[in-house]
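The values are calculated or read from the model by the stated rules, or taken from the named source; none is laboratory data. Not measured: the values here are computed from a predicted model. Cβ placement follows ideal geometry from the backbone for every residue including glycine, while neighbour counts extend to all protein chains displayed. Side chains are part of the model used for accessible areas, which takes the heavy atoms of the whole protein and leaves out ligands, DNA and RNA. Shrake-Rupley method; radii C 1.70, N 1.55, O 1.52, S 1.80 Å.
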Amino acid sequence: MIERTLILLKPDALQRSITGKIISRLEDAGLKIVGMKMVWVDKEFSREHYAEHVEKPFYKGLEALITMGPVIAMAIEGVEAIETVRKMVGATEPKSSLPGTIRGDYAHVSYGHADKHGIGIKNLIHASANTEDAKKEVSLWFEDKEMHSYDTVHDAHTTK
Ligand code: UDP
Ligand code: MG
């Protein structure tokens, strides 16, 4: 099943200048970028995107980190892309995310450390968690006219 999912390269990924490395991993897996832009999120938009977390104790830190600089937003397409991308991203807490995942390879901080300092977990990337979130998030971030359909070599390889 071909799915679309939303990815955000969070401000910490841009500030560390590793967006190219992260995008390469998605391309290397054969996933297709069908939408892409740079956006500086404000507090209001953060509350929309992270609506499920607004009332949680860590929201203040999360809002601070997602608004601290621009993000790169991408709509990504591929076979069962939602689950595949979450697997590549790894666990939320970098301390627990496995080597080989984006968070596990490029971050290491624990919940305990972040909470002690009253800061959000800088884990580089957001990816939609499930089908419902992916649909909602792709349409929150992208208008239809910002989405593109085109062929990659992977299209041939996934159907023949
Ligand atoms: N987060 C945090 N502290 C926490 C839990 C989450 O700072 O105790 C941040 C972290 O950046 C995470 C984001 O809030 O990526 C959204 O949390 P969620 O549980 O949805 O994790 P994700 O889906 O990003 O893995
Ligand atoms: Mg989430």
Next on the checklist: Suppose every Lys and Arg Cβ carries +1 and every Asp and Glu Cβ carries -1, with no other charges. What dipole size does the chain come out with about its Cα centre, to the nearest 20 debye?
Outcome noted: 560 debye
Item to check | Förster radius 35 Å - calculated FRET efficiency between Arg86 and Asp155 (Cβ-Cβ, nearest 0.05) | outcome: 0.95
Item to check | Dipole magnitude of the stretch 81-160 about its Cα centre (Cβ charges: Lys, Arg +1; Asp, Glu -1), debye to nearest 20 | outcome: 360 debye
Checklist entry - Taking a quarter of the surface of the convex hull around the Cα atoms of the chain, what do you get in nm²? => result 9.3 nm²
Checklist outcome for this item: Expected sort for 103-111, 149-157, 42-50 on mean C-beta neighbours within 10 Å, highest first, is 103-111, 42-50, 149-157
Checklist entry - Quick one: if you take sqrt(5λ) for each eigenvalue of the C-alpha gyration tensor of the stretch 1-54, what semi-axes come out, biggest first, whole angstrom? => result 23, 17, 9
Item to check | Contour excess over end-to-end distance, with Cα ends at Met38 and Lys116 and 0.36 nm allotted per residue | outcome: 24.9 nm
Next on the checklist: Just to verify a number: FRET efficiency for Ser96 and Lys56, C-beta to C-beta distance, R0 = 22 Å, to 0.05?
Outcome noted: 0.75
Checklist entry - So what J values fall out for the stretch 73-80 if you push phi through Karplus, 6.51 cos²θ - 1.76 cosθ + 1.60 with θ = phi - 60°, rounded to Hz, Gly and Pro as x? => result 9, 9, 9, 10, 10, x, 5, 6
Next on the checklist: Cut-off under 12 Å on the C-alpha distance; same-chain residues fewer than 8 positions from Lys136 excluded. Which aspartates and glutamates are left, in chain and number order?
Outcome noted: Glu48
Checklist outcome for this item: Looking only at lysines whose Cα falls under 19 Å of Lys160's and that sit 8 or more positions away or on another chain, we get Lys32
Item to check | Pairs beyond 25 Å (Cα-Cα), from Lys21/Lys122; Lys43/Lys135; Lys56/Lys95; Lys21/Lys116 | outcome: Lys21/Lys116
Item to check | Hull shadow area, averaged, the stretch 87-153 [alpha-carbon convex hull, nm²] | outcome: 6.6 nm²
Item to check | the chain, accessible area per residue, ligands and nucleic acids excluded (1.4 Å, Å²) | outcome: 57 Å²
Checklist entry - Using a cut-off of 17 Å between alpha-carbon atoms, which aspartates and glutamates can reach Lys37, once sequence neighbours fewer than 8 places away in the same chain are excluded? => result Asp12, Glu27, Glu77, Glu137, Glu143, Asp144, Glu146
